[in-house]
1. Above 17 angstrom, tally the Cα pairs of segment 1-134 and express them as a % of all pairs, no decimals.
2. Radius of gyration and Dmax for segment 119-194's Cα atoms, expressed in Å?
3. Quantify, in whole percent, the carbon and sulfur part of the accessible surface of the chain (1.4 Å probe; protein heavy atoms only).
4. Which net charge results for the neighbourhood of Ile201, defined as the other residues with beta-carbon distances under 15 angstrom from its beta-carbon, given Lys and Arg at +1 and Asp and Glu at -1?
5. Can you give the translational diffusion coefficient of segment 65-105 in µm²/s, computed by Stokes-Einstein from the Kirkwood radius over Cα pairs at 37 °C and 0.692 mPa s?
6. How far is the Cα center of segment 561-636 from the Cα center of segment 304-374, in Å?
7. For a quick check of understanding: with a 1.4 angstrom probe and all protein chains in place, what accessible area in square angstrom does Lys30 have, to the nearest ten?
8. Note the full-extension length gain between Val665 and His601 as 0.36 nm times their separation in residues minus their Cα-Cα distance, in nm to one decimal.
Amino acid sequence: MDITLPLLILAIPLAMFLILGLFGMKMSHKLAGVLGCLGMGTVLVLSYYTAFTYFFSGAPEFINAANERLQYLVFDQTWLQFTDKLVIKLGFLLDPISAMMLVVITTISFMVHLYSMGYMRDHHGVYEHGFQRFYAFLSLFSFSMLGLVVAPNIFQMYIFWELVGASSYLLIGFYYTKASAVSASKKAFIVTRFADLGFLIGILVLSFYTGTFNFTELTSIPVEGMADVFQVNEGTAETVRSIFQNSAAPTFMGASVLTWALVLIFMGGMGKSAMMPLHIWLPDAMEGPTPVSALIHAATMVVAGVYLVARLFPLYLMEESALVIITVVGAITAFYAAMVACTQIDIKRVLAFSTISQIAFMMVSLGVARPEIHEGLGYMASMFHLFTHAMFKALLFLGAGALIHAIGSNDYTEMHGLRKYMPITHWTFLIGCLAIAGIIPFSGFFSKDEILSACAGYDWVAYLWMSLVAGMTAFYMFRLYFLIFWWKEHKVKEGHHAPHDQPWVMSLPLIILAAISCVAGFIPFGKLVSWNGISYDFMAHFDWSVAGVSLTIAVLGIALAWKMYCKENSLPQKFKNAVPALWDWCFHRFYWDELYMFITHRIIFGCICRPLAWFDRNIIDGTMDSFATVTNKASEAIKPLQSGQIQMYVWYYLVGALALGVITVLCLI
């Protein structure tokens, strides 16, 4: 493949960031928006062309004789070389999951760019202050995510990983005059920095023992029982398994170095993908503009952790304990987020916790993926759900933005009965809800069924647990849908215009994403994004016993939501009164924020930092101050010795000489 197109995919959003960031204030708002949209539209076309060429050209550099899709290194240039082994390169790697992510990132990013042309204006057509800056930050984020997913080595991924964190900080805190937005941006940045510290340590440990940063070398290794699946690179002197699992391999606290490295790397994924207990930043990140929520917290940034685990999945297969940790963390997070979403009244927070739950679904799917379970179906199912979820969750967030733009509030109690006023938003939002609930034939049904099939093959407890979460997903999403569009008639406040659908720049992305959510499930995804050359035929693995149960559970969840929320009634209040403690715990997010505030303010700041500050001010500074005080007093005391009077100098000399004579005599005696 020619190097030009891949380079342009990375260069154009970076150029847009620089142009809009440096010269945006000298151009009109509309021109800045048009430039941003044109730039991302061009990247969209180039990414689609690159992915299409990789998947369908049949070129020998992409497909081998066994019809297996290969990793293809478009370019790989040395950036920094410290030693023969410690070499940091920048490149562009094409393989099934990176090509798929190119499509996902550019599709969602372009829709957000287009949508923002309408969202970032008020009802009088006046653009918001900082509009050019907003588009510059969008371009920077897109550049960072694209650089992350095409990274051929883990160090390049880490560089762009941090750029993603920095650009998300800028976007979340876009309304910098708003205290809550500033607080949310700092919270997201600090929490993910703690996670990224673990990620960095894991990278250093892994690269120290393997002597490489390259994904190809790290993942092209034989795994016990998988000789026919994994291909070993020629010239590899020893495998990662032999390095980490020989008798001399170091251990720490009973676990191998490989286990610790993979768990620490997963810690970085936990932070970016908002897994418990590092999830607290994501709900507050809704303080950013709604298009930012759609871009960062629905389809791109939050799936970086899932992508990271998928990229290093052959290594994770070596360590059962690491996969078990991923499964348990994902399962607990999915259930927790679903419970909290059932009680929230801010529509963006409902979608935020829904995102946490769905990302956890993908993590569980990776955690239960095994070669002996449908040939590693969980890996493909996770990537499939990543793709479908990106489309319908972006649709839901952009739909929520249209509602907020029309009503002027995030609170669903200000809405109700909007289906008559906003038909386009109503129908597209309904499609998004049906997709995430897993109703056939919408895309979420197919990808979620694959995940549940993988869970069923792994363990029946995992299958029942995730089926329960799937039912809760259907319930809380249709609770949201009925409360917004049904419940009771919407009363237009006196002096206000009736709500209506938004202009075409906001409605068109909704229609396109809704259409994709309707047909994405029929894409032969398993034949494109496969694992180690394995081609998955959906119908060959389709199990109606699993699909039928999941579909029934989803329908029951929707039916319960319809019964409780379709028309105004007392059932929600009765349920709340029946379990007030549970409701309060769920509504307050199980008090995780309060726990973190207690730990940071009462324990860390109060019990640790305050005594240390006292010790620093009074003991350390006091000691230094006492040295200065003694020195000053001593200098004051000896000032008369420099009086300038000759007779005094003679007197001091004689006294000194006499004193020396006395001392000498005493010593001789």
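1. On the way: 5897 of 8911 pairs.
Taking all Cα-Cα pairs of segment 1-134, the fraction more than 17 Å apart is 66 percent.
2. Cα-based Rg and Dmax for segment 119-194 come out at 14.6, 49 Å.
3. Numbers: 19550 of 28670 Å².
Carbon and sulfur: 68 percent of the exposed surface of the chain.
4. Values: positive: Arg193; negative: Glu162, Asp196.
Here the charged neighbours net out to -1.
5. Numbers: Rh = 12.2 Å.
Calculated translational D: 269 µm²/s.
6. Cα centroid to Cα centroid, the span is 28 Å.
7. 130 Å²
8. Details: separation 64, 0.36 × 64 = 23.04 nm, distance 6.79 nm.
The Val665-His601 span can extend by a further 16.3 nm.
The values are calculated or read from the model by the stated rules, or taken from the named source; none is laboratory data. Model, not experiment: these values are computed from the prediction. Positions of Cβ are generated from backbone atoms using ideal geometry, with glycine treated the same way; all protein chains shown enter the neighbour counts. All accessible areas refer to the heavy atoms of the entire protein, side chains included, with ligands and DNA or RNA removed. Shrake-Rupley method; radii C 1.70, N 1.55, O 1.52, S 1.80 Å.
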